[in-house]
Amino acid sequence: MQQIDTKKELTEKQAKFIADKISSNLSITKLCEMHGINRSTYSRWTHQKAFSDGIKEARDIYHKQLVDTAEMKIGELAEKGNITALIFILKSLGGWVETSGIDVDMKTPVIVVKDEKQKEAIESLAKRFTKE
C-alpha cells in the first residue's frame, strides 16, 4: 500500500483538475483525457492528501448541486400538477403513507372495508358475479 503524501499545496494542474470535477459530471477518465494526463497519474495524485481531499470535496459539492437541481425540478413538476411529483413530495416531506383502505383479518376470512366508496364498489361487483 502506498503512503499518503502530506504535501500541503496542489500544483496548478491538480487544482484545475479539481475545479473541473466540481463544475462537471465528467468521469475521471474523461477528466484525465481533457487534462492530458494518464489515469496512472491521477491514481498517483490520489495518494497526495491535498489532492485526495480536493477530489472528495468536489464530489460532495457536485452531489449537493445535483440534489438541489432534483428538488427544484420536482418542485416545478409538482407546481404544474404532476401527480407523481406530488405523491413523491407528500411521501418524502409530508410523512404521507399510502393505504388501501382495506384491512384483512388473517384469523377469520372477513374483509373489513373502511372507505364507503370502496364498500359500494365491492358490493356492486359481488352482485354482478354472484347468482341470486
Just name the residue that is surrounded by the most Cβ atoms within 10 Å (Cβ to Cβ) out of those in region 56-65 that are touching a residue at least 24 places away in the same chain (Cβ under 8 Å) and of a type outside the set (D, E, K, R). Ala58
Search result, residues across region 10-45 that are in a loop (DSSP other than H, G, I, E, B) and under 27 Å from Thr69 (Cβ atoms): Ser24, Asn25, Leu26, Ser27
For the structure I just gave you, tell me whether Asn38 is in contact with a Phe, Trp or Tyr (Cβ under 8 Å, 6 or more places away or on another chain) and loosely packed, with under 13 Cβ neighbours inside 10 Å. no
Would region 99-113 turn up any residue that is surrounded by fewer than 12 Cβ atoms within 10 Å (Cβ to Cβ), at pLDDT 75 or above and among the acidic types (Asp, Glu)? no
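The values are calculated or read from the model by the stated rules, or taken from the named source; none is laboratory data. Predicted model, so just to flag it, every value in this text is computed and none were measured. Every residue, glycine among them, receives a Cβ derived from its backbone with ideal geometry; neighbour counts consider all protein chains shown.
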